[in-house]
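Okay, so here's the structure we're looking at.
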Amino acid sequence: MADYHFVYKDVEGASTQWDDIQRKLGNLPPKPAPFKPPSFTPSQDEDFKPKDKTWIDEKTEEELEELEDDPDLDDDRFLEEYRKKRLAEMREAARISKFGSVIPISGADFVREVSQASPDVWVVVFLYKEGFPECGLLLRCLEELASRYPATKFVKIISTDCIPNYPDRNLPTLLVYNNGAVKGTYVGLHHFGRRCTPEGVALTLCQSDPVLNDGRGGSDQSQKAVIEGVRKKFLEKVVVEHEDDDEDGYSSD
């Protein structure tokens, strides 16, 4: 008669007293930890998320516009006013950061980028060629002004791409456009002061018209503030330059 051997399996993770003794003696590996499934955390439904300032701050401009007819906000005057405030801030930031750099264009782009620019935008056109030190100096000034006055459009174009056979002796040249018409022409660096600084260029551009615009408002008061700021920075720069010249003069004696 055959012998039958039965193996009984205990509950998973269970251990006999004999196994425990063997583990203490090092004859068996440590008992594995019993399996424990991860706790379940349901994802939060967007509709049930608390509606507060943080909830508004996380919204994009498009999402804030869509909330205009939200019935929940109709009953919460504070959140509705905060939504309007955030939306206005986003639109103002987008308007201020409209340009902010010197944009390279080609001859084919000129009409679209310059002549057909919005009537409320002033466009400063920089005619240049590579390899001319004077062009590089003026370009550095324009790059600083472009970042300082992002609502004014600065573009650069190779002179002969803009005007065929334009003489190199006239480089660099600035053309100022507004509403499709030329409002100013500056040929050469001598227009911008002895050292051609951003402050000198800014003062020249704003002599007759409020060309530079920081984008913080279109009122006459805002334009006057920009021009006054340009003049103040120019005068401060002149004073610093004179002080540097005086120090150099004393050191050479």
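Selection of region 193-204 for residues being within 16 Å of R148 (Cα to Cα) and open to solvent by 40 Å² or more (accessible area, probe 1.4 Å) yields only L203.
Residue-level check: of (1) at pLDDT 95 or above; (2) surrounded by fewer than 21 Cβ atoms within 10 Å (Cβ to Cβ), V155 misses just (2).
Any chance region 213-228 includes a residue that's at pLDDT 90 or above, of a type in the set (A, V, I, L, M, F, W, C), closer than 29 Å to P119 by Cα and open to solvent by less than 60 Å² (accessible area, probe 1.4 Å)? Give the steps one after another, and end with the answer.
Restricting attention to region 213-228, the residues satisfying the condition of being at pLDDT 90 or above are none.
No.
I'd like the full set of residues that are more than 16 Å from K183 (Cβ to Cβ) and assigned to a strand (DSSP E or B), limited to region 98-126. Residues satisfying the conditions are V102, I103, P104.
Which members of region 175-215 meet the condition of being on the phi > 0 side of the Ramachandran plot and in contact with a Gly (Cβ under 8 Å, 6 or more places away or on another chain)? Correct list: G193 only.
Return the residue satisfying two criteria in turn: it lies in region 95-121 and is among the hydrophobic types (A, V, I, L, M, F, W, C) and open to solvent by less than 40 Å² (accessible area, probe 1.4 Å), and of such residues it is modelled with the lowest pLDDT. Steps first, answer last, please.
First, pick out the residues of region 95-121 that are among the hydrophobic types (A, V, I, L, M, F, W, C): 96, 99, 102-103, 105, 108, 110-111, 114, 117, 121.
Still in the list and also open to solvent by less than 40 Å² (accessible area, probe 1.4 Å): 96, 102, 105, 110, 114, 117, 121.
Working: I96: 57, V102: 96, I105: 96, F110: 96, V114: 95, A117: 91, V121: 90.
Looking at the filtered set, the residue picked out is I96.
Counting only residues that are closer than 21 Å to F99 by Cα and outside any helix (DSSP H, G or I), region 198-212 holds 5 of them.
Restricting attention to region 177-192, which residues are part of a strand (DSSP E or B) and either surrounded by 15 or more Cβ atoms within 10 Å (Cβ to Cβ) or of a type in the set (K, R) (or both)? Within region 177-192, Y177, N178, K183, G184, Y186, V187 meet the criteria.
The values are calculated or read from the model by the stated rules, or taken from the named source; none is laboratory data. Remember, it's a predicted structure, so these values are computed and weren't measured experimentally. A quick note on method: Cβ atoms are made from the backbone with ideal geometry, for glycine too, and the neighbour counts reach across all protein chains shown. Each accessible area value is taken on the protein alone, full model and side chains, heavy atoms only, with ligands, DNA and RNA left out. Shrake-Rupley method; radii C 1.70, N 1.55, O 1.52, S 1.80 Å.
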